[in-house]
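What follows is a short report on a single structure.
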Amino acid sequence: MRQSLKNLPAWNADAHLSHVVKSMPPSGIRKFFDLVSEMDGAISLGVGEPDFVTPWHVREACIYSLESGNTHYTSNRGMPELRDAICDQVRRDLKLDYNPAKEILITTGVSEAVDLAFRATLNPGDEAIVPEPCYVAYAPDIVLAGGVPRMVPTRLEDEFRLRPEEVAKAVTENTKAVLLSYPNNPTGAIMTRADLEDLADVVVENDLLVISDEVYAKLSYSVSHVSFAQLEGMKDRTLILNGLSKSHAMTGWRIGYAMGDSALVGAMTKVHQYTMLCAPTMAQVAALEAMQKGNEEMLRMRHEYDLRRRLFVSGLNRIGLDCFEPRGAFYAFPSIQRWGLSSEEFAQRLLLEQKVAVVPGNVFGQSGEGFLRCSYATSREELIEALDRMENFISGL
Amino acid sequence: MNEILEILSENAKATPSEIAALLGRSEADVAREISELEDAGVIKKYITLINWEKLDNSVVFAVLELKVALQRKTGYDAVAERIARFSEVESVRLISGDHDLSVTVRGKSMKDIAYFVAEKIAPLEGVQSTCTHFILKNYKEHGVILTEKPKPKRLVVTP
């Protein structure tokens with residue numbers, strides 16, 4: 001070995017990290033994850049994915065495809081049959097026509113679609129408006145794309161729907177886009193057609209792009225999901241992001257898609273081809289099966305969530321955890337403000353004293369403080385037991 | 001399907017108060033509907049699904065395929081109802097295809113069942129032939145996979 005390479009000081013990896021990544025806050029749920037993992041007999045209402053295993057016919061189709069040796073790349077945009085199937089479904093559900101050749105991109109989960117949407121549209125310093133509380137990835141994705149997230153609050157008294165005034169207030173000359181995420185994680189809130197129409201004025205006035213994460217759209221209860229793209233004249237400026245993770249219990253497969261104007265989707269496809277090439281082929285095959293033949297299983301799972309939703313939300317209100325009626329996703333977002341504890345204190349004590357894990361609302365942004373995110377994507381028996389334990393906890397406060 | 005029946009068909013132990021919570025209805029309302037369904041004979045019985053293979057003193061089941069001569073006026077009913085009265089018989093169904101009746105029989109041993117078929121079923125007037133299939137292993141019953149391995153775990157907390 002050369003003399004100069006001997007006795008080197010320890011290499012400092014930290015000094016080689018990007019400032020942007022270094023300044024990102026660590027995930028707020030890490031602490032709970034560690035606590036719950038080490039605990040015996042804990043019931044977790046902290047899981048943001050279905051408890052159902054992917055329906056067998058979907059798994060079976062994937063296995064058969066693997067046996068047939070279907071292991072190659074697909075086109076960058078995704079398998080043509082899958083794009084066709086998704087466009088067909090969107091035509092049925094939303095009454096909107098998208099061209100499967102250039103207005104849709106299959107992504108590796110909706111997460112990738114969110115990342116691509118920001119990277120394809122934001123220039124350094126461009127701002128994107130994001131309603132809070134919200135899923136944890138939007139703001140970091142905007143920052144990684146060189147943009148600036150502008151968080152705007154939503155509130156319990158509005159059932160966590162986004163008010164157009166809040167968007168108008170946050171608009172600056174640098175605002176380029178507004179992100180919508182309804183049905184919402186973590187609140188379970190939805191936006192009705194009228195709510196979206198109110199918002200459209202602000203959007204048009206400020207010439208904003210609307211990035212609409214609709215991954216929970218199929219999980220809407222006693223209302224039909226309305227997409228911003230369905231509003232008169234709004235299709236062109238709306239980018240719909242969706243996927244099969246929640247609706248078809250396919251989180252681990254990582255299949256999502258983006259739909260919209262061909263220039264937007266084309267720009268995203270460029271980034272996608274250099275970073276992902278294509279979504280995993282076996283997962284695309286499974287997604288095709290789910291799209292073509294999975295409707296009944298999807299409805300069966302949705303029906304079960306709906307039963308649990310009624311059971312759980314009425315249970316929360318009965319034991320004093322006041323909760324508005326969530327009409328989408330699989331989350332309830334009860335208020336804990338009457339006890340004067342922070343969300344984090346409440347959640348930590350609930351876990352340590354009664355072994356029920358929930359996610360403190362502030363993890364999803366400052367306007368989530370004073371609330372808990374409770375997922376009802378868990379068995380009825382566990383929900384009933386969790387309610388009992390939560391009642392015990394509250395009676396000791 | 002009736003939502004109450006759907007819940008009860010999955011869990012006979014579901015109480016009216018639990019069902020009411022799941023459906024967003026009142027307990028009294030649900031209890032009333034259940035007793036109406038009982039009175040009308042729609043709900044016949046509340047039973048337990050048992051995985052007999054977990055027990056040592058196991059029970060033997062067999063499926064019998066019977067060819068039956070059609071009777072004037074009563075069709076298959078007379079002989080089917082006659083067979084149904086034996087306490088050893090768990091189910092009797094009229095089926096399409098090669099055979100006419102499919103009968104599930106429960107006994108303590110294969111010999112037990114074989115004698116039962118020979119002494120009670122085969123000689124019945126109208127029964128032309130019997131074919132006994134002993135059940136060797138039960139994989140799925142009443143929509144429940146009995147051989148299922150534990151569910152894979154999810155991450156305990158995810159955003």
Here are A:Ser335, A:Ser314: which of them is outside the structural domain of A:Tyr135 (by TED's automatic domain parsing) and farther than 28 Å from A:Ala137 by Cα?
A:Ser314
Residue pairs within 7 Å by beta carbon, gap of at least six or interchain, first lying in segment A:28-56 and free of Cβ contacts under 8 Å to residues at least 60 places away in the same chain and assigned by TED's automatic domain parsing to the domain that holds A:Val356, second assigned to a loop (DSSP other than H, G, I, E, B) and surrounded by 18 or more Cβ atoms within 10 Å (Cβ to Cβ), listed first then second, are A:Phe33/B:Val156; A:Phe33/B:Val157; A:Ser37/B:Val156
Run B:Lys45 past the list (1) among the basic types (Lys, Arg); (2) surrounded by 15 or more Cβ atoms within 10 Å (Cβ to Cβ); (3) more than 14 Å from every other protein chain (Cβ to nearest Cβ) and report the number of the one that doesn't hold.
(2)
Condition check: outside the structural domain of A:Tyr331 (by TED's automatic domain parsing) and in contact with a Cys (Cβ under 8 Å, 6 or more places away or on another chain). Does A:Thr107 satisfy that?
no
So, B:Ser35, is that one free of Cβ contacts under 8 Å to residues at least 40 places away in the same chain, more than 21 Å from A:His303 (Cβ to Cβ) and away from chain A (no Cβ under 13 Å) or not?
yes
Being away from chain B (no Cβ under 14 Å), surrounded by fewer than 21 Cβ atoms within 10 Å (Cβ to Cβ) and among the hydrophobic types (A, V, I, L, M, F, W, C) narrows A:Ile86, A:Ile63 down to just A:Ile63
Working only within segment B:111-142, note down all residues that are touching a residue at least 24 places away in the same chain (Cβ under 8 Å), assigned to a strand (DSSP E or B) and loosely packed, with under 14 Cβ neighbours inside 10 Å.
B:Gln128, B:Ser129, B:Cys131, B:His133, B:Phe134, B:Glu141
Of the residues in segment A:355-377, those that are within 11 Å of chain B (Cβ to nearest Cβ) and more than 18 Å from the chain's Cα centre (by Cα) come to A:Ala357
In segment A:104-114, the residues that are out of contact with any Gly (no Cβ under 6 Å at 6 or more places or on another chain) and either surrounded by fewer than 24 Cβ atoms within 10 Å (Cβ to Cβ) or among the polar types (S, T, N, Q) (or both)
A:Thr108, A:Ser111
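Condition check ((1) within 12 Å of chain B (Cβ to nearest Cβ); (2) assigned to a helix (DSSP H, G or I); (3) more than 20 Å from A:Arg155 (Cα to Cα)) across all residues:
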{"residue": "A:Met301", "(1), (2), (3)": "no, yes, yes"}
{"residue": "A:Tyr305", "(1), (2), (3)": "yes, yes, yes"}
{"residue": "A:Arg308", "(1), (2), (3)": "yes, yes, yes"}
{"residue": "A:Gly315", "(1), (2), (3)": "yes, yes, yes"}
{"residue": "A:Leu321", "(1), (2), (3)": "no, no, no"}
{"residue": "A:Pro326", "(1), (2), (3)": "no, no, no"}
{"residue": "A:Arg338", "(1), (2), (3)": "no, yes, no"}
{"residue": "A:Gln348", "(1), (2), (3)": "no, yes, yes"}
{"residue": "A:Glu353", "(1), (2), (3)": "no, yes, yes"}
Considering only residues of segment A:9-55 that are assigned to a helix (DSSP H, G or I) and at the interface with another protein chain (Cβ under 10 Å from one of its Cβ atoms), which is surrounded by the most Cβ atoms within 10 Å (Cβ to Cβ)?
A:Phe32
Residue tally, condition over 20 Å from the mean Cα position of the chain (by Cα) and either within 12 Å of A:Met291 (Cβ to Cβ) or among the acidic types (Asp, Glu) (or both), over segment A:101-112:
1
Specify the residue that is modelled with the lowest pLDDT; the eligible residues are those in segment B:56-110 that are within 13 Å of B:Val127 (Cβ to Cβ) and assigned to a loop (DSSP other than H, G, I, E, B).
B:Leu70
For segment B:11-21, state whether one or more residues are surrounded by 14 or more Cβ atoms within 10 Å (Cβ to Cβ), within 14 Å of another protein chain (Cβ to nearest Cβ) and touching a residue at least 12 places away in the same chain (Cβ under 8 Å).
yes
Somewhere in segment B:68-78, is a residue in contact (Cβ under 8 Å) with a residue 60 or more places away in the chain, more than 14 Å from chain A (Cβ to nearest Cβ) and among the β-branched types (Val, Ile, Thr)?
yes
Being touching a strand residue (DSSP E or B) at 6+ places or on another chain (Cβ under 9 Å) and more than 14 Å from chain B (Cβ to nearest Cβ) narrows it down to one of A:Leu144, A:Leu116, so name that one.
A:Leu116
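The values are calculated or read from the model by the stated rules, or taken from the named source; none is laboratory data. Note that the coordinates shown come from a computational prediction; the quantities given were computed from them, not determined experimentally. Cβ atoms come from the backbone with ideal geometry, glycine included; neighbour counts cover every protein chain shown.
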